[in-house]
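Only the coordinates and a few stated rules stand behind these numbers; no lab work does. Since the structure is predicted, the reported quantities are computational estimates derived from the model, not experimental observations. A quick note on method: Cβ atoms are made from the backbone with ideal geometry, for glycine too, and the neighbour counts reach across all protein chains shown.
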Amino acid sequence: MLEGLNRVGIYEWEVPIGYVPGMRVAGRFFLSESLAKTLEPGAVQQLANVATLPGILKNSLAMPDIHWGYGFPIGGVAAFSVDEGVISPGGVGFDINCGVRLLSTPLLHKDVSGRRDLIDELFRTVPTGVGAKSCLKVSSQSLDGMMVKGARWAVSAGYGVERDLMRCEEGGVMNAADTRFISAKAKQRGIPQGGTLGSGNHFLEIQVVREIFDPDAAKAFGLTLGQVCCMIHCGSRGLGHQVCTDHLKILESATKKYHITIPDRQLACAPITSPEGRAYFGAMAASANYAWANRQMITHTTRQVLSKMFRVEYEEMPLIYDVAHNVAKIEEHILNGKSRKVCVHRKGATRAFGPGSRDLPPDLTSIGQPVIIPGSMGTSSYVLHGTQLAMDRTFGSTCHGAGRIMSRTQAKKNLNGREITANLLKEGIIVRAHSENAIADEAPGVYKPSDEVVNVVHEVGISRLVARLSPLGVIKG
Amino acid sequence: MSFEEIPHTADVKIHASAPTLEALFSETFKALMQVMYGTERGDGTIRKIRIESTDNESLLADFLSEALFLSEVEGLVFSDARIRINGYCLIAELRGESFDPARHSGGSEVKGISYSGLEIMHDANGYMLDIIFDV
């Protein structure tokens, strides 16, 4: 382990106050010894930098998929006092409400095994990659609907069913959305991209449930062994990217105006209650809504493909759940025995509310929130449930994915997209992407093993394993 | 005058160097376009932009963000930029062509230009920087 860090539990480490100048609280992160071998000094420094921000509560936290990002580390979680704390786009990222959802189907492994035509059809109908434009026409009025009502707009426009909304974090809409703070540029970028997947690590994957760890929770979520599911990973596209760019500029001036000292310009921030802080929060919420609508639109396209090819009814493909993993939210948490409103930033971290939490649909209240952790191409994805311990320790948060360990430059140099595709095919996994580079960039070997990451959060108890899914086919941006 | 991609776990990190500030901006711009669209980029279409900012780093980030915006909404892939800088004001002539999925689909979409670790340095040999693009 890196020098200057204190081990405080089997899987828990402390970054003491003083690790970087100006820390107001200590940092804490969760990691196994084997995952610690790939921990980068830059990631720990970023975790410590977050601890210098005004109004931070308890600890600057990071999940076991911690890695070096910009501003916050990826895997970073921090909560701020609503009255004295700040809000920062560096704690959310450019891809606001990048998130993941899991759609179930009544199909079994044997129904889709080796069906290249299914993956080809999804690749043809769901726009992916750089420069992709939507086939679903979005008017400027519809764009307002997406930003204000999120997934609710998409369902009312015919891109889903009412029950889908019950299975989205926040019901698929943040009511704090304020489109007055969305620039004309952001809107211009948002219109042609509604219903598109994007590129990079975004994907749509056909998966099969391989293992059930918690039968009661799996039953409540709607998962059975051998069942085919579809996982969709994407965010707010150019609209969210532009909102982050625009507001970073405004918040940079605000950082100076409010005399806030920051160790990294990407941590530009403003008091949550300031006009600049409110403007960013309203615009960020509108972008988050756009992302929920976007995932709902892709869900619709996917259901249509599956309906057509397998004669499955649209209603037979219920949504298991949809989670955001790049977002800031005002939530109530218990601090020193008292309930307090706090602003939780999750940058590459997933909300993992425990049993009894208010935001859960009635049928899941006794279980806890479904948590969806995508693997990388070729490796397993997991469904977990939130816990009370997460509420007590991590502001109801857990990891968001496998977490990269190899840079893209190394991946392109050492890995060959064609070989990876051929090897995955031998394992029964069909991959479609626009380029071999995109496949090498996102190959299984560039990520931490997803099983090790989820094992840490399971052992620590900030979420518990429910089911494991493995890929059958994937389309990449 | 050059740029190269250097290892960064999550994103794309570029190291660029050039004898003048204008050339440094131009190299970084070309690096951005290469990351997004690959190396086969032609010209024939011209767009002019003007950016004003508060320091060199912000000027660069604002310039690249504007290029990202233009590229996305107009479907343009740029190959080169002629840049003039006066104080913290920049005028650029961007040369490029329309996006062609057959030639330009191989790259990674850049989501934003990060300020993390962005510092433009200057010595007797010229200017240099490291910059992170979120992909």
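Per residue, the Cα convex hull of region A:43-160 amounts to 202 Å³.
Residue exposure proxy: A:261, A:299, A:398, A:38, ordered by other Cβ atoms within 10 angstrom of their Cβ from fewest to most, comes out as A:261, A:38, A:299, A:398. Remark: region A:407-477 carries a charge dipole of roughly 180 debye about the Cα centre, counting +1 on each Lys and Arg Cβ and -1 on each Asp and Glu Cβ. Here the contact order of region A:343-435, divided by its residue count and restricted to Cα pairs under 8 Å and six or more residues apart, works out to 26 percent. Which distance in Å, rounded to a whole number, links the C-alpha centroids of region B:49-81 and region A:232-267? For region B:49-81 versus region A:232-267, the Cα centre distance is 17 Å.
The orientation-averaged shadow of the Cα convex hull for chain A, equal to a quarter of the hull surface, comes to 20.0 nm². Taking a Cβ cut-off of under 13 Å around residue A:318, the surrounding Lys, Arg, Asp and Glu residues balance to a net charge of -3, with basic ones at +1 and acidic ones at -1. Between region B:1-47 and region A:361-391, the C-alpha centres lie 40 angstrom from each other. Shape of region B:1-78 from the C-alpha gyration tensor: rounded (a/c under 1.5, with a ≥ b ≥ c the square roots of its eigenvalues). To test your reading of the geometry: what angle, between 0 and 90 degrees and rounded to tens, separates the Cα axis of helix A:140-149 from the longest principal axis of chain A? Helix A:140-149 and the main axis of chain A meet at about 60 degrees. Positive end of the dipole of the protein assembly as shown (Cβ unit charges, origin at the Cα centre): among A:461, A:317, A:147, the Cα lying farthest that way belongs to A:317.
Within the shell defined by Cβ-Cβ distances under 10 Å, the residues around residue A:62 carry a net charge of +1, with Lys and Arg each +1 and Asp and Glu each -1.
What value, in deg cm²/dmol to 500, does the helix sum -39500 (n - 2.57) over DSSP H runs of n ≥ 4 give at 222 nm once divided by the residues of the protein assembly as shown?
Result for the protein assembly as shown: -10000 deg cm²/dmol, rounded to the nearest 500.
Determine Rg/Rh for region A:7-51; Rg is computed over alpha-carbon atoms and Rh is the Kirkwood hydrodynamic estimate from the same atoms. Taking Rh as the inverse mean 1/r over Cα pairs, Rg/Rh reads 0.97. Relative to the longest principal axis of the Cα atoms of chain A, helix A:275-310 runs at roughly 10 degrees. A simple rule links phi to the HN-Hα coupling: the Karplus curve 6.51 cos²θ - 1.76 cosθ + 1.60 with θ = phi - 60°, which for region A:362-375 gives x, 6, 10, 4, 7, 9, x, 5, x, 10, 10, 10, x, x Hz, with x for Gly and Pro. Using the empirical formula 2.2 N^0.38 Å as the baseline, the Cα radius of gyration of region A:161-265 reaches a ratio of 1.53. Assuming a viscosity of 0.692 mPa s and a temperature of 37 °C, what translational diffusion coefficient in µm² per second does Stokes-Einstein assign to region A:355-477, Rh being the Kirkwood radius over Cα pairs? Reported coefficient: 209 µm²/s.
Of A:110/A:448; A:58/A:219; A:37/A:249; A:37/A:413; A:347/B:30; A:219/A:338, which sit over 26 Å apart, Cα to Cα? Going by Cα-Cα distance, A:110/A:448; A:58/A:219; A:37/A:249; A:347/B:30; A:219/A:338 fall outside the 26 Å limit. Rounded to the nearest whole Hz, the Karplus-based 3J(HN,Hα) values (6.51 cos²θ - 1.76 cosθ + 1.60, θ = phi - 60°) of region B:7-12 follow the sequence x, 8, 4, 9, 10, 9, with x at glycine and proline.
Give the separation of the Cα centroids, region A:208-227 to region A:394-456, in Å. With region A:208-227 and region A:394-456 each reduced to a Cα centre, they are spaced 24 Å. Amide hydrogen proximity for residue B:20: with H placed 1.01 Å from N in the peptide plane, the residues at 5 or more positions away or on another chain lying under 5 Å are B:127. Using alpha-carbon pairs under 8 Å, 6+ residues apart, how would you state the relative contact order of region B:2-134 in percent? Once divided by the residue count of region B:2-134, the mean separation gives 33 percent.
Can you list the GluC sites (Glu not before Pro) in region A:401-471 that are in a DSSP coil and have 11 or fewer other beta carbons within 10 angstrom?
Sparse-neighbourhood loop GluC sites (Glu not before Pro): A:427.
Computed from the Cβ-Cβ distance with R0 of 45 Å, the FRET efficiency linking residue A:422 to residue A:314 stands at 0.80. Extension gain, residue A:133-residue A:10: 0.36 nm per intervening residue step, less the Cα-Cα distance, totals 39.5 nm.
Under the combined filter of DSSP loop state and at most 11 neighbouring Cβ atoms within 10 Å, region A:188-265 retains none of its chymotrypsin sites (Phe, Trp or Tyr not before Pro).
Fewest neighbouring Cβ atoms within 10 Å first, the residues A:159, A:70, A:382 line up as A:159, A:382, A:70.
Starting from region A:252-335, pick out the trypsin sites (Lys or Arg not before Pro) whose DSSP state is loop and whose Cβ has at most 12 other Cβ atoms within 10 Å.
A:311
Only the Cβ atoms of Lys and Arg (+1) and of Asp and Glu (-1) were treated as charged; on that basis the dipole of the protein assembly as shown about its Cα centre amounts to roughly 900 debye. Note that region A:198-357 shows a convex hull volume over its alpha carbon atoms of 168 Å³ per residue. Semi-axis lengths, largest first, of the ellipsoid equivalent to region B:2-134 are 22, 18, 13 Å, with √(5λ) applied to each eigenvalue of the Cα gyration tensor. Computed from backbone phi, the HN-Hα couplings of region A:216-224 come to 5, 5, 4, 5, 5, 6, x, 10, 10 Hz, rounded to whole numbers (Karplus: 6.51 cos²θ - 1.76 cosθ + 1.60, θ = phi - 60°; Gly and Pro given as x). Among A:116, A:346, the ranking by other beta carbons within 10 Å of each residue's beta carbon, starting with the fewest, stands as A:116, A:346.
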